[in-house]
Amino acid sequence: MSQIENLDEVLKNHKLSKEEYQEIIRILDGRHPNIVEIGIFSAMWSEHCSYKSSKKYLNGFPTKAPWVIQGPGENAGVIDIGEGMAAVFKMESHNHPSFIEPFQGAATGVGGILRDIFTMGARPVANLNALRFGQVKGDSEISKYQRHLVRGVVEGIGSYGNCMGVPTIGGEVSFDESYNGNILVNAFSLGLVKADEIFLGVASGIGNPVIYVGSKTGRDGLGGAVMSSDSFTEESKSLRPTVQVGDPFTEKLLLEACLELFKTDHVVGIQDMGAAGLTSSSFEMAGKTGAGLIMHLDKVPAREEGMTPYDFMLSESQERMLICAKQGSEQAIIDIFEKWGLDAAIIGEVTDTGRMELFWHGEKCADMPIAPVSEEAPMLDRPTSRPKYLDEVNAKTVNDFSMVADQKAYEKLLASLEVVDKAWVYNQYDSMVQTNTAKGPGSLDASCIRIKENGKALAMSSDCNPRYCYIDPKKGAALAVVESGRNVAMSGARPLSITDCLNFGNPENPEVMWQFAQACEGIKEACLELDTPVVSGNVSLYNETNGVSVFPAPAIAMVGLNESQNKVLPSVFQKEGDAVMLLGESRGEFGGSLYIKELFGETVGSLPSFDYSAELKLWELVIEANKKGLLKAAKDVNLGGIAIALSKMAAVSNKGIVANIKVNKSRDIFDETQSRALVEVGNEHLETFTKMAAGLGIKAETIGTVGGNKVKVNEVELPLEKIKEIYFTTFAKTIEQDL
């Protein structure tokens, strides 16, 4: 194994520093690595695989609770949902690939997250996604390209999820110029499994065979993990070869084959081949147990001619798994996969050496200790500094703007792409396949599925307000946890746990690293206060182009449990004549608000201190009142305030409302004070519910009655038909304007 020529060039291409190279030589007992070993170190120590910049801040996340079965560290997190059933879920990013090649980037993002779920033994039953794009309005080249990205990403997500037969039941789409050079595509999936039938990604048992199953390996996705660990420049569009190509029909076969295999007693451990492909799956499986592995790379099924050991180890071809099987089970496993038309090959075995020994036609082509590669990636303590922009941004207050609650403001907010219905997006997704969707896309707040096996329902919601995170990363991230929890509670479910997808700019910029550190503190604080531990997640850094980083976007997906599938609470008006009540205090808070962004084009202000106990009481009130049958509907108040929340409820239900709200200033019907909700209460339950709210110390004010053909909130009003026209047509008109 001779020393590499052009070492500086090779290290640069593999994003390895001189210091890291010296560490590699030390790990290899003074020997210089060959190109295969360099490739392996590069992938395993990439930001994408090793979390080297972020690990320091993730370590303090709360991860335990009586209902948590499996926390971070596996393919996905697992929580107990009663009667021997468990929910398996995770969120992942596919940002860089989706910017370079929107259809395949987004499609393979969905494919990857689905494999994370069924690798654990669970059948995927629900998908969500959180998408962030740049400026899509107008005729500039940027706007045209962003619209192209929206169309490609949505088509990719729909294509893959629909072919897999997994419903996409909700999600979020938001827009800000900060994403012009770097869009964010985050995919969430949830599966169901019996709590005692969960599989882990481990390799153990000396002599046990290692079996490769799924699609053949090609050169697609080579260097994908490394590409995802770097910033974008103008040259980045030449990186198309690093984007994987997905085949959902093969993945559907792989899903069914794996679920059939899991009913047998043949498997010790199984791992999805995701980022860094065969490298990460093999090193992680052995690294968790301290085992060694021998692998014969010439036995890996190949899709292309002339592939090298380097190609086999670093390809990110999709729809592949690595299995550690029990000795003697080899043929039975091969038979299952061949029955489903998939490749299966015995490529190696478990040893007790703690080393990865790779062979190519009988010759050893790599030999390295596993633990230092998989468990001892450099943990960086990058410098942090509070961003200079914050002083100016936080200094501005609501009084710096001439804000009024007039018709112009109302219509501008109502037509905001942050507010309007995204039917153009979700109509491309099958949301009803599997026939368990109780509350699907477009129905506001959380999405819900029923669990046939135990009569309960699961609610889930993905949330993040990047404007809040930009003006205050700590409180903004905490409020993402709060908002996702509140949405789940509004459906009548008790929030239990989160998965996260932490999207930030370049960690080599101390200001970005400060944003990241602060956001982690916010998530920690909120999860502790709300008793919703983190069970899985993902970090995506280097979301910047030509030195401009995106707004921080720590997306949070909350999962909660409703004890009865018959008690899923709607978020839109149900019956004319019912009372509508506002729960919580309105304090005229506009920091990072949609109002200031839409009317003045700025993201400024500061976020006030936050009362977790008030939030928990609000959840308690809605969840318990729903159990008692006192509520017809509940919707949280967030972007655009009370006026916009009422308008959305009216548009989706086709029922009007006249509301009178006591506010300090007229503009406060658009404020974004936290811990507030709108509930619909039948008149026969008004007294009981009002007493219940008072008992919890929650202000509950009747503000109007469902019915009529208009929405009137204090001084602003529009006919219901006009509201529906704005709400349901704006998005499609914007995205399709150049088709």
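Taking all protein chains as shown and a probe of 1.4 angstrom, V550 keeps an accessible surface of around 10 Å². When each of the peptides 282-293, 203-214 is scored by the mean number of other C-beta atoms lying within 10 Å of its residues, the order from highest to lowest reads 282-293, 203-214. Measuring nothing but alpha carbons in the stretch 548-639 and taking Rh as the Kirkwood radius, the Rg to Rh ratio lands at 1.03. Taking every C-alpha pair closer than 8 Å and separated by at least 6 residues, the mean separation divided by the residue count of the chain gives a relative contact order of 15 percent. I need the shape label for the stretch 521-599. Rule: rounded when a/c is under 1.5, else prolate if a/b > b/c, else oblate, with a, b, c from the alpha carbon gyration tensor. Here the stretch 521-599 falls in the oblate category. Counting only lysines at least 8 places from K137 when in the same chain, those with an alpha carbon closer than 18 Å to its own are K412, K422, K597, K733. Computed from backbone phi, the HN-Hα couplings of the stretch 446-456 come to 6, 9, 9, 10, 8, 10, 4, 5, 10, x, 9 Hz, rounded to whole numbers (Karplus: 6.51 cos²θ - 1.76 cosθ + 1.60, θ = phi - 60°; Gly and Pro given as x). For the stretch 351-361, backbone phi angles converted through the Karplus equation (6.51, -1.76, 1.60; θ = phi - 60°) give residue-by-residue couplings of 10, 10, 8, x, 10, 9, 10, 10, 10, 10, 6 Hz, Gly and Pro being listed as x.
Judged by the mean number of other Cβ atoms found within 10 Å, the most tightly packed of the peptides 94-101, 559-566 leads the ranking 94-101, 559-566. Once a ≥ b ≥ c are taken as the square roots of the eigenvalues of the Cα gyration tensor of the stretch 340-464, is the result rounded (a/c under 1.5), prolate (a/b larger than b/c) or oblate (a/b not larger than b/c)? It comes out oblate by the Cα gyration axes.
For the residues E338, E251, E74, a 1.4 Å probe over the protein chains yields an accessible-area ranking, largest first, of E338, E74, E251.
The largest accessible area among H148, H48 belongs to the first residue in H148, H48, and the rest follow in falling order (1.4 Å probe, all chains).
When the trypsin sites (Lys or Arg not before Pro) in the stretch 364-410 are filtered for DSSP coil states and for at most 16 other beta-carbon atoms within 10 Å of their beta-carbon, the remaining sites are K388. Just one of (1) 26.4; (2) 28.5; (3) 29.4 is Kirkwood radius over Cα pairs in Å as worked out from the coordinates here. Which one is it? Read-out from the structure maps to (1).
Under 5 Å between amide hydrogens, built in the peptide plane, is the criterion, and for L380 it picks out S53 among residues at least 5 positions away or on other chains. Using the 1.4 Å probe convention, the accessible area of the chain works out to 34 Å² per residue with neighbouring protein chains retained. Here the chain is assigned +1 on the Cβ of each Lys and Arg and -1 on the Cβ of each Asp and Glu. Its dipole about the Cα centre then comes out at about 1960 debye. Packing around the peptides 373-386, 533-546, taken as the average count of other Cβ atoms within 10 Å per residue, puts them in this order, highest first: 533-546, 373-386.
The values are calculated or read from the model by the stated rules, or taken from the named source; none is laboratory data. If you're wondering where the values come from, they're calculated on a predicted model, not measured in any experiment. As a convention, Cβ positions derive from the backbone with ideal geometry for all residues, glycine included, and neighbour counts pool all protein chains shown. Side chains are part of the model used for accessible areas, which takes the heavy atoms of the whole protein and leaves out ligands, DNA and RNA. Shrake-Rupley method; radii C 1.70, N 1.55, O 1.52, S 1.80 Å.
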